Each structure stands twice: as C-alpha cells, then as structure tokens.
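Please read the structure below before turning to the comments.
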Amino acid sequence: MIAREWQQLDIPKIAELEKLCFSDPWTGQAFESGMNSPFFYGILFEEAGQVCAYACETVLFEDAEILNVAVAPSFRRRGLGKALLLALEEYAKKQGAERLLLEVREGNVSARGLYDSFGFSAFGVRKNYYEDGENAVVMQKII
Ligand SMILES: CC(C)(COP(=O)(O)OP(=O)(O)OC[C@H]1O[C@@H](n2cnc3c(N)ncnc32)[C@H](O)[C@@H]1OP(=O)(O)O)[C@@H](O)C(=O)NCCC(=O)NCCS
C-alpha cells in the first residue's frame, strides 16, 4: 500500500469511495473545485491501483480545517484513519498551522472514536447542521 498526494485524475475513484462511505457524499465536481484552492491538501492510500482511503484539508494561516476523512469498509480498523490524520497534521504543521479543526456528525461513533483517540476535543455544537437535521460537533486539536 502506498500513500501519496491526490491528483485531478484520482477524483473519479475518490468520488466512488465517497458514495460508499457517506449518506450525503461530495460530488466529483465538489472535490474538483476544492482541489482548485491553493490552500487545499489531499492525501490517499492506494493498493493495486484502488483508492482504499483518503482525506483532505485546507490550511489557512493558523487553522487547518479537515474537510473529509474516509476509509473503504473492508480496510477499516487497521490504522488507516489514524495514518491519514497524521499526514494531514504533518502537512498543516509544515505550513505553520497551529490547530486542526473539523465538524463531525454527533452520532458518528466511529469517526468520533477516531478523533478522540487522535487527541481532538469537542468545543461546540452546531444545531441542525446537516440537511437531515443532525447536529455537528466542532472539534479541535492544538498541534
Ligand atoms: C471514521 C473512519 C475514517 C475510521 O477509519 P479507520 O481506518 O477504521 O480508523 P483506525 O483504524 O485508524 O482507528 C483508529 C482508532 O479510532 C477509533 N475507532 C475507529 N473506528 C471505530 C469504531 N467503529 N468505533 C469506535 N472507535 C473507533 C478507535 O480508537 C481506533 O483504535 P483501535 O482500532 O486501536 O481501537 C471510518 O470508519 C470511515 O471511513 N467511516 C465512514 C466515513 C466517515 O464517517 N468519516 C468521518 C467523517 S467526519
């Protein structure tokens, strides 16, 4: 398995995996416009030409905002989620960021477990944040 930065050519595979992992997936177009930002960074894990996991963030001065983290169902609980977060943190640090920020669905037990284990702490709740009315928990990690 290799880790590497995203390229435009990866977007169709990333968007496929996104559909498998989220009830409200980003479209390929959304990924493409995200990638056009000079502040964007995306990392993925690939095996035999297949994208198994990916994550992305924007790094703007002291804040790095994590936009997306996903691991294909058959690759979960093997440390890939943590490895993605580590790659995002290392890149953000290199850019001079001082904290990582993210929003997560209140009921997303696996993602909250991952973020807790990676040193994030909750500091706010956005009520009815998602289209289906679920709250978002806002989390941060000082790096
Ligand atoms: C959340 C997600 C990225 C975790 O990826 P992963 O590769 O399975 O995570 P890791 O193997 O690195 O897990 C690291 C730690 O996170 C926690 N964790 C991961 N999955 C968990 C679960 N289902 N329940 C509770 N804790 C969990 C554990 O502490 C785990 O350590 P352990 O395996 O030693 O107990 C994955 O479940 C996923 O893609 N979910 C769907 C997409 C999603 O919800 N993304 C987050 C959006 S905010």
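Coordinate-derived values only; no laboratory data. Not measured: the values here are computed from a predicted model. No Cβ is skipped: glycine too gets one built from the backbone with ideal geometry, and neighbour counts run over all protein chains shown.
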Report summary line: With label points set 7 Å from each Cα along the Cα-to-Cβ direction at residue 74 and residue 93, the distance between them in nm comes to 3.4
Query raised in the report: HN-Hα J couplings of the range 55-72 from phi, Karplus 6.51/-1.76/1.60, θ = phi - 60°, integer Hz, Gly and Pro as x?
Result: 7, 8, 8, 10, 10, 10, 6, 7, 10, 10, 9, 7, 9, 6, 9, 8, 10, 4
Query raised in the report: Using the count of nearby Cβ atoms within 10 Å as a rough guide to exposure, how do 1, 139, 35 rank from fewest to most?
Result: 1, 35, 139
Query - 26 Å Cα cut-off, lysine pairs counted over the range 2-102 (separation 8 or more, or different chains) - result: 4
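Can you list which of the chymotrypsin sites (Phe, Trp or Tyr not before Pro) found in the range 6-115 are DSSP loop residues with at most 11 other C-beta atoms within 10 Å? The partial results should precede the final answer.
Numbers: sites: 6, 22, 26, 31, 39, 40, 41, 45, 54, 61, 75, 91, 115; in loops: 6, 22, 26, 39, 61.
Of the chymotrypsin sites (Phe, Trp or Tyr not before Pro), the ones in loops of the range 6-115 whose Cβ has at most 11 other Cβ atoms within 10 Å are 61.
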Query raised in the report: Under a 5 Å amide H to amide H cut-off, with H placed in plane at 1.01 Å, what residues pair with residue 129 once short-range neighbours are removed?
Result: 135, 136
Query raised in the report: So how strong a dipole does the range 77-143 carry about its Cα centre when Lys and Arg Cβ are +1 and Asp and Glu Cβ are -1, to the nearest 20 debye?
Result: 260
Report task. Filter the trypsin sites (Lys or Arg not before Pro) in the range 45-143 down to the DSSP loop ones having no more than 10 other Cβ atoms within 10 Å, then list what survives. Result -> 77, 127
Report summary line: Residue-ordered couplings for the range 131-136, obtained by feeding phi - 60° into the Karplus form 6.51 cos²θ - 1.76 cosθ + 1.60 and rounding to whole Hz (Gly and Pro as x), are 4, 7, x, 5, 6, 9
**Report entry** Estimated vicinal HN-Hα couplings, Hz - the range 37-49 in sequence order (Karplus 6.51, -1.76, 1.60; Gly, Pro = x)
**Finding:** 6, x, 9, 7, 9, x, 10, 9, 10, 10, 9, 6, x
